[in-house]
Structure formats: structure tokens, C-alpha cells
1. Which value, in debye to the nearest 20, describes the size of the charge dipole of the chain about its Cα centre when Lys and Arg Cβ atoms bear +1, Asp and Glu Cβ atoms bear -1, and nothing else is charged?
2. List the GluC sites (Glu not before Pro) in region 339-394 that DSSP assigns to loop (not H, G, I, E or B) and whose Cβ has at most 12 other Cβ atoms within 10 Å. Which are they?
3. What figure in square angstrom, to the nearest 10, would you give for the accessible area of K220 with a 1.4 Å probe?
4. When the helices in the chain are scored as -39500 (n - 2.57) per DSSP H run of 4 or longer and the sum is shared across all residues, what 222 nm value do you end up with, to the nearest 500 deg cm²/dmol?
5. Could you please state how large a percent of the accessible area of region 253-446 is carbon and sulfur, counting protein chains only and using a 1.4 Å probe?
6. For V237, put the label point 7 Å out on the Cα→Cβ axis and report which residues of region 15-58 keep their amide N under 14 Å from it.
7. Contact order normalised by length for region 253-446, with contacts defined as Cα pairs under 8 Å and 6 or more residues apart; what percent is it?
8. Which of the residue pairs K173/K310; K92/K408; K243/K408; K88/K173; K196/K220 have a Cα-Cα distance greater than 23 Å in the structure shown?
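The values are calculated or read from the model by the stated rules, or taken from the named source; none is laboratory data. Just so you know, these numbers come straight off a predicted model, no measurement behind them. No Cβ is skipped: glycine too gets one built from the backbone with ideal geometry, and neighbour counts run over all protein chains shown. Accessible surface is based on the protein model in full, side chains and every heavy atom, while ligands, DNA and RNA are left aside. Shrake-Rupley method; radii C 1.70, N 1.55, O 1.52, S 1.80 Å.
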Amino acid sequence: MTIQNYINGQFQDPLENNWIDNYSPANGEIYGKIPSSTTTDVDAAYTAAKQAFPSWSKTTLETRSRILIKISELLEAHIQRFAAAESKDNGKPISLAKAVDIPRAASNFRFFGNAITQFASESHESVGQGAVNYTLRQPIGVVGCISPWNLPLYLFTWKIAPAIAAGNCVVAKPSEVTPMTAYLLGEICNEAGLPKGVLNIVHGLGTSTGQAIVEHKDIKAISFTGGTETGAHIARVAAPMFKKLSLELGGKNPNIIFADCDYNDMLNTTVRSSFANQGQICLCGSRIFVEASIYEQFKKDFVAKVSALKVGHPSEESTNIGALVSKSHLEKVMGYIAIAKEENGTILCGGNKVTVKGYENGYYLEPTVIEVTTDDCRVNQEEIFGPVVTIMPFTTEEEVLEMANKVKYGLSATLWTNNLKRTMQLSNQLQAGIVWVNTWMMRDLRTPFGGVKASGVGREGGFEALRFFTEAKNVCIKY
Ligand code: TXE
């Protein structure tokens, strides 16, 4: 299947006619071609966005809201088609795409369609000076959105929806590894009545298409989710042009388990927080620290549950663990399993490639649990981003807090305990943008989302996203 760029409401081939192969992770075969767009295509997308901006930025909030909610409804109406495309492109189980990815993409449009009608600005009376200040929140203009492959439509729309709700026009690039659902979104936007040029989607490699978006001098803000190194590179390129930047990067999140937690709830959620989406979620709890008094019991129960997960073809409803996203990513993750062995880690379960009958060239890997004896080994410090977790015991709160914070990342942390004092103290001190207590990945779209340290800068979600995609202008009137 060949897909095209979506520029000015129309589907078109890349102007220089270069293409990239698209692989299916489930069987390792090429199943389509995607544009390898260049600066010329990005310029065309920018021009369309620039032309659409004066009208779109003046469109009433009610109209913008109605269009966004219509996009949301159409996504829900086509959930089967989108979920099948996402699963085929990414390797994730179809059940997950149907239950989480596509409903969440629809929620993103519905949420920001509603949020924009509630987005208020401030006013301040300068008492005693006879003046009043009010703050306008004006759309930026043309903005760039660049998203990764792990939650393709979910993260793509998490950026686009607030950007257009706030009155901007967008040049967006999904990951070259998972472009399908972004391509299908173009059709839906036309059907929902989104004016042409408000959203433009260019496909292609990060180093050419993505780079052209970041380098474009008139694209004034970049919202990026992806790897930490890429984020640092984008920051370097964008800094001399004073672009607004939102960077949501990698994580190496601690999952801290105390003996006083609700054990079964913790155990089931920990299986999910470790291996959902093949462990390819920036929020997965990849470092599990367990209080020593329940460590042996946890180890036994956790390994039993993990070993029972079914690795299989993503299109089968019974599959728990699908294929990893690409051959190179599978190799990277397997490289870390080899490193764990060199570092004297003990592989408690998994560690091997899986051959799924009929799909022998697919990128399948067993869910893997590695017991480590020290927290500063590489598998415990570096982002693996696959179905691999480490476990180790701890004895005191101070000890586990120090280990939890001793990584370069700071995206999320999970805490399992029923002790209120401990909950409050650790939540305050954990270096993370998000702390979950007795749950994982429970999301309320109104809350700020993002990380500290090498996990990025800026916050997405709720009014934070609408603030990012607008410029504040204060007007002071002396009366
Ligand atoms: O991501 P990249 P990769 C982590 C994870 C993974 C590692 C690398 O550890 O193993 O990052 O993954 C575009 N200018 N995460 O290499 O390259 C690219 O085309 C502009 C965590 O696949 O960062 C894609 O659209 N854009 C993460 C997007 O950036 C560029 C999710 C992300 O790709 C670019 C994914 C450039 N120079 C990986 N280079 C998370 N936070 O959830 C690439 N891109």
C-alpha cells in the first residue's frame, strides 16, 4: 500500500518522488511505500498552513470545537479500520489498538474540542494606579508536530488536537516507521470539514523531513515526542531561532513496591506496566524495586505471570505481546539482554526471540525479567524501551529513593503502598513529572504531562498544552 502526503486538504506524492519501504513487524515483509519528503514538501506544507492561518485563527471557538468533536466521532466510527492499520504498522496487539490507542486518539480531539471553549485568560486590576491588565492568548501561527512510533495515532493527535484547537495551523510528521494511521486521519479531517491547510501531514525520515520542519525559520514552535538524543539535537537546531519547544523524551521509570501494598492489584498492574505495548511506552515501569520482606514471593509470582503471557501475531485477539516495532529495535533490545548477562544479571524468564508459526521473520521477543544485584548497571540505567524489566530488593525508604532518582531520566514513577506518610514523602521527593500511587497510567487529560531531567522540557495536557500552543500578550490600559 502506497501512502501520500496530505497538504492543503489533498493527497499528493512527494515532490521529488523519493519513497521509503514500510515493513510489517509481524512478518518482516515490506507491505507498502511511504513518501521520503524533502524540504520542498515541507515548504509546500508550510505555505498551505500559512495561507490557512488568517481564517482559521479567526474561526469562532464553537466552530473549531464542533470540527474537532466531529473528527473524534469519525475516528470512533472507523475504529476497526484504524485499529487494524495501527496493529499492522506497529506490531501491537489489535486488542490494545482497539481498547486504548484509537479511543485515546478520539478522546484527544474531543477533549481539546471542549477544552478550548473553557480556556480563559487572566485579568489584573492595578489597584491604586487606575489601570487594568488583561492577557490575550493568541495562536502562534504555523507550528510543527513530530511524533514517534510507539503510540502512533495516540501521540500524533495529542499534539495536533491542542495545536489546531488553539487556532494554529500545523505541519506534522508521524514516525516513518508507523505512518499509516496518520495517513488515514487526513481523510477523516476532510470529512469533518477541517478547512484545507489547517493540518498538513508530511511523511519521511527524521533526519530529512523532520529536520526540515525544525530548521524551517517560519515554523515558530515544535512539539516533539521521541528519543532523548533526538530531542537534544532538535533543541540545538531550534535554539538560535528562538522557537518554542515542548520535548517529551525517554524514561527509565521506577516501580517501587512496599510490603504493605494491595498485593494482587500490584502484581497484575505491574505485569501491565512492565509489558504493555511490548514495553514500548515511555511510561512503562522498567526498574522494579521490591521491599526485601516480600521480594522472594514477588519474584516467584511475577515470573509465573510473565511467563504465561502469550507472544503472538498482533492480529490475534488472544495475543498479549505482539511484535517489536522494527528489526533494528529488536536488535537494540536484544543487545541489552546480552549486556545484562555480561553484567552478571540473572535472566529469570524470557531473553529469547520467539518464532511465531507462519511469521518466522517477525520481530518477536519473550517478555524478559532480569534480576540485578546493583542499581548502577547499564540495563538499570539506560532506556531499553522493550519487553525487558529489571528487579532488585531494597530495605529502607532512603535507599530506594536514592536508587529511584539515580538515573538521568525523570518521566514517571509508580509507588505501591498504603502508608500515607510514606506516600506523601516519596511523592514529594521522587524526581519525576508524574507519580502514580497504587495505579499506573491512569490518565486524566486535564493534568500536566511531561518529565524532568533528560525526559524533556515543557508539559502537555489540559490547559498546559493550550498555553504552549499560544503566546501570552498582556495589555495594560490606564483609565
Ligand atoms: O526515535 P526518534 P527512535 C526512545 C527509545 C528508542 C529511542 C530511539 O529509547 O529506542 O528513543 O527511537 C523524528 N529532526 N523513544 O530513533 O529518532 C523521527 O522521524 C526532527 C522514546 O525511533 O527520536 C520520529 O518521527 N525529527 C519515545 C521522531 O523524531 C527527527 C518514543 C521520533 O524518532 C529527527 C520513541 C531530526 N533530526 C522512542 N530525527 C517516547 N518518549 O515515548 C528523528 N526525528
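1. Values: 45 positive and 47 negative charges, 236 e Å.
It comes to approximately 1140 debye.
2. Answer in residue order: E360.
3. K220 exposes around 100 Å² with every protein chain in place.
4. Theoretical 222 nm ellipticity from helices: -12000 deg cm²/dmol.
5. 49 percent
6. Flagged as within label range: 37-43.
7. This gives 29 percent for region 253-446.
8. Values: K173/K310 33 Å; K92/K408 28 Å; K243/K408 25 Å; K88/K173 19 Å; K196/K220 20 Å.
Listed pairs above 23 Å: K173/K310; K92/K408; K243/K408.
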